[in-house]
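Every read-out reported here was derived from the displayed coordinates using simple, explicitly stated rules and does not represent laboratory data. This is a predicted model, so every value here is computed, not measured. Here Cβ is always computed from backbone atoms with ideal geometry, including for glycine, and neighbour counts include all displayed protein chains.
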Amino acid sequence: MHQAKKRFGQNFLTDKNLLKKIVDSAQIHDKNVLEIGPGLGALTQFIVKDAKKYLAYEIDYSLKDVLENFLSEDSNIIFQDFLESDVTNDLDTYFKGEPIHLIGNLPYYITTPIIFKFLEIDQLKTATIMVQKEVGDRMISKKNLKSYNAFSAILQYFTDVRLVVNVNRKMFNPVPKVDSMVVQLTKKETKLDKSLELKFIQIVKLSFMHKRKTLLNNLSTGLNEDKAKILESLKSLNLDEKTRAESLSVDDFITLTEKLYK
Ligand code: SAM
């Protein structure tokens, strides 16, 4: 029996219906799949059967014997820390430049770096991942909701985000302290010129920086720009000096970036 290791965020899934729902939602039939943290192979058993080629990273070498039972000819597991690996190079070598779909019941302490890696690597097209419920709420949130923040807007600029299923903590063994959610990110055509994307990210981050300040104050201080110039851009979006960041949609932030810097 494998003893779950807390330091590796090991909480395992066993419910067959839930596992199938996650794998089905990822739509990986005959596609290339990257799994992060296969653990005892709960998802792996279904993925390997359905995918074209399969590669995984698992930090815990002691799971090698268990996991190897699930592998077939077109599958492989790298026993390494995903965050310390040369992922771009590994993927390119193994999948030869073809599109890849990411799946992972991730340990929560590495959710954010994994999402940024996913965004950074072109070859990765979708990510179906388990996240802490509060994080998932921010990922799918829309303007004017309490959970809407800079992360919501930046993520939704690069991807379409959808809720796959809410997962009660009791579905895991051992039971963690928080509930979870499976979300799916699908990369999309981005709307701004590459040269403006960094500005967009900066504007979104600055806008949400001081929650109690208005958008106008946050931006004029952070961007070191004239208030009048920013106010004029806001007005062209039918917004005024009292507007706060949470009332702007992703498209509003895009338009604001263009008005200010195009
Ligand atoms: N996928 C399995 C399941 O659904 O039952 C296990 C999920 S468990 C929440 C997370 C898994 O990620 C563990 O097997 C853990 O050892 C592995 N892991 C943790 N940190 C990792 C890292 N930095 N790189 C690769 N795998 C990691």
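What the table shows:
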item	result
DSSP-loop trypsin sites (Lys or Arg not before Pro) across the stretch 130-222, with at most 13 other Cβ within 10 angstrom	142, 146, 177, 188, 211, 212
Net charge contributed by nearby residues that have their C-beta within less than 15 Å of residue 165 (K/R +1, D/E -1)	+3
Part-to-part distance (alpha-carbon centres) for the stretch 1-56 and the stretch 127-180, which is given in Å	19
CD proxy at 222 nm, helix term only [per DSSP H run n ≥ 4: -39500 (n - 2.57); per residue of the chain; nearest 500]	-11500 deg cm²/dmol
Relative contact order (percent, whole number), the stretch 6-187, Cα cutoff 8 Å, 6+ residue spacing	22
Rh by Kirkwood over Cα pairs, then Stokes-Einstein D for the stretch 6-187 at 0.890 mPa s and 25 °C, µm²/s	149
Mean Kyte hydropathy of 0.0 or more with a Cα span along the axis of at least 18 Å, helices from DSSP in the chain	194-207
Relative contact order (percent, whole number), the stretch 108-261, Cα cutoff 8 Å, 6+ residue spacing	23
Across 16/188; 194/229; 21/177; 146/242; 53/142; 16/49, pairs whose alpha-carbon gap is larger than 27 Å	16/188; 53/142
Loop-located GluC sites (Glu not before Pro) in the stretch 156-261 whose Cβ has at most 10 other Cβ within 10 Å (DSSP)	189
For the stretch 132-225, alpha-carbon Rg over 2.2 N^0.38 Å	1.31
The stretch 1-100: GluC sites (Glu not before Pro) in DSSP loop, at most 10 other beta carbons within 10 Å	73
Amide proton proximity set for residue 164, modelled H, under 5 Å, gap of 5+	182, 183, 184
